[in-house]
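To start, the structure itself, in structure tokens.
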Amino acid sequence: VLDPAGDLFAALNDGSGNFRPIVELTSHLNCMEGTAECVVDTVRVVQVQSNDPDDPNVSDVFYEYVPPPCVHQAFYEGAKQIARRYRDWEGIMCADPRLAAASEACCDQNIERSVEDALRAYEYHGERMTYASAEQRCLAKHHVNLAEIELDSSPGDGDHSASPIGNCQGDCDIDSHCAGDLVCFQRQGNEAVPGCLDGAGANSGWDYCIDPIQDNGLCLFSKVTGNDNEQGYHWTDADCNVQVKINNEGYVAVVHDTFTMQGWMTPAHVNAEDSLNWFRAYWDGNSYPSPATGCGNCRDTVHPLSGTAACVCDASVVEEPVFSTEPASVEDIVSSLNIGAIKPAIADAGSYHTVVGSDFTVHFKGAGSTTHDAETIFELNHPYHGTKLFLKNVKSTVQLRGWTQPTQIFEAEDAEPGAGTNLPPLYMYAANTTRTDYTGSGYMDWEGSYFAYLNFTVNVQSEKTAKISFKYENSWGPTRPFSLSLNDAVVNDNMLLQPTGHWDFWAMTPSYTVTLQPGDNIIQIKDLSGQWGGPNIDHML
């Protein structure tokens, strides 16, 4: 519940005791000292008024916080594992430690039972925080108040179930003898009691009630104590690995390696074996690992139901500033920057130094700064549709760790088409762009030809063994038989191009192993059906 004296309460109130239905916060607000406002990383729902049972006109009033659109990058460094309440049964995945993505779960390393059962130290149900905040919350919660408490034996020995005893008090036998969330620390002799000072009131051999959150931190728990409705994700101190899953077309899926033997513990949408959440990626030089050409040092995997093959590679992220000096134009900024940024106005006062130009505004991080670095923000109106943009001066590149085998694409529109002798004129359209999701400048449209072929020229410096495959479209069919040859020697005389289900659906042929000779090599695919027309060919991989 918000304190009525705070800035946030005032912003939600119109000054006459009425609460606005929708409030947009356009600038930074100070938190109310001494309240949870200054402790939490973010809020989800706030209460500004409580129900008055004596006044039917006074009811509960809540606001839901809807954060502004923000960039959450799929690939990041320093990932940590987050887990649901029952870690071994309900799922483990990676999370960006910079984001308020999960709740705290505190473990006391001095108490063996607490390594199994983590405890909560939340300010409100469903609270989420960054990894650093979760770590700090566990280490600091109650620490100041407990550090100076001396052991107290005045409650005495016996059954305290009816009258629970307090923190650093004894003698207890089981947890139910202790008040609230305190637990009974089973002491060995004169062993030090966590969070308590060994004073004159100590009794040798007695067991004392303690706060289990004392001197604790994050851990790889088995279970989080609490109610069953606390089913969200919680931070652990275990590392995690964000990986890239790549199919034959160069599409990728984000998957998580949680270093567990039981793959089912990782949710299907980020499970390397199960995920089919493909999206397009832009590859430098159109070169990427694929099952058709070999995964190199990355590992290969096959989807258990669809049979889709893919490569799985570890990923690292390199972030670097794009502009070190003033950009030449708005167009230069828009074509070079792709990552959005917050509105600098909502940051703390003095966080940015703003320089207004004729075409765009630059917000430098730090009071008085004029250095173009990765934290610099450019504010501008898009030159074509006029939308207000805030773009961060940074380029984020995902690099594949463990992939060493380069893949080269040979575009079909650059290949040499041809047809057999004594046949009608050849009608094959290079660089057609009617369909979508092609690479290069277009694709080869096999329109209006009999027994046509395509010759791809591949030059190598020395003898080399390679795997090749072809990306094609064949709509609803029928299946078209092709031959594949290398330097006039048949490699496969029945390469079947199956129906793809639609002209905008591409597929890859199986991969074929060939041995290339020094110099130019001619790789030919030829339609053997004798029918008019044929599939569209995008490229050879």
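The figures follow:
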{"quantity": "Residues of region 200-224 satisfying the condition of being modelled with pLDDT under 80 and either in a loop (DSSP other than H, G, I, E, B) or open to solvent by 20 Å² or more (accessible area, probe 1.4 Å) (or both)", "calculated": "Ala200, Gly201, Ala202, Asn203, Ser204, Gly205, Asp211, Pro212, Ile213, Gln214, Asp215, Asn216"}
{"quantity": "Which numbered condition Arg113 misses (of (1) at pLDDT below 85; (2) closer than 25 Å to Glu135 by Cα; (3) more than 33 Å from the chain's Cα centre (by Cα))", "calculated": "(3)"}
{"quantity": "Criterion (modelled with pLDDT of 85 or more and either within 20 Å of Ser290 (Cα to Cα) or basic (Lys, Arg) (or both)) met by exactly one of Ile468, Ile525", "calculated": "Ile468"}
{"quantity": "Residue satisfying all of: in region 87-105; under 8 Å from Thr130 (Cα atoms), among the aliphatic types (A, V, I, L, M) and open to solvent by 10 Å² or more (accessible area, probe 1.4 Å); farthest from the chain's Cα centre (by Cα) among these", "calculated": "Ala100"}
{"quantity": "Pick from region 486-541, criterion among the charged types (D, E, K, R) and open to solvent by less than 40 Å² (accessible area, probe 1.4 Å), ranking: farthest from Ala310 (Cα to Cα)", "calculated": "Asp527"}
{"quantity": "Inter-residue pairs, beta-carbon under 7 Å, first closer than 23 Å to His28 by Cα and in region 329-346, second among the small types (Gly, Ala, Ser) and loosely packed, with under 14 Cβ neighbours inside 10 Å, 6+ apart", "calculated": "Ala345/Ser27; Ile346/Ser27"}
{"quantity": "Residue, least open to solvent (accessible area, probe 1.4 Å), within region 166-198, restricted to residues that are of a type in the set (S, T, N, Q) and in a loop (DSSP other than H, G, I, E, B)", "calculated": "Asn167"}
{"quantity": "Members of region 388-407 found to be under 16 Å from Ser329 (Cα atoms) and loosely packed, with under 13 Cβ neighbours inside 10 Å, listed by number", "calculated": "Lys388"}
{"quantity": "Qualifying residue in region 443-458 (condition: open to solvent by 40 Å² or more (accessible area, probe 1.4 Å) and closer than 20 Å to Asn248 by Cβ)", "calculated": "no"}
{"quantity": "Residue satisfying all of: in region 42-64; farther than 20 Å from Ile22 by Cα and charged (D, E, K, R); most open to solvent (accessible area, probe 1.4 Å) among these", "calculated": "Asp54"}
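The values are calculated or read from the model by the stated rules, or taken from the named source; none is laboratory data. Everything quoted here is computed from the prediction, not taken from an experiment. Methodologically, a virtual Cβ is constructed for each residue, glycine included, from the backbone with ideal geometry; neighbour enumeration extends over all protein chains shown. Heavy atoms of the whole protein, side chains included, go into the accessibility calculation; ligands, DNA and RNA do not. Shrake-Rupley method; radii C 1.70, N 1.55, O 1.52, S 1.80 Å.
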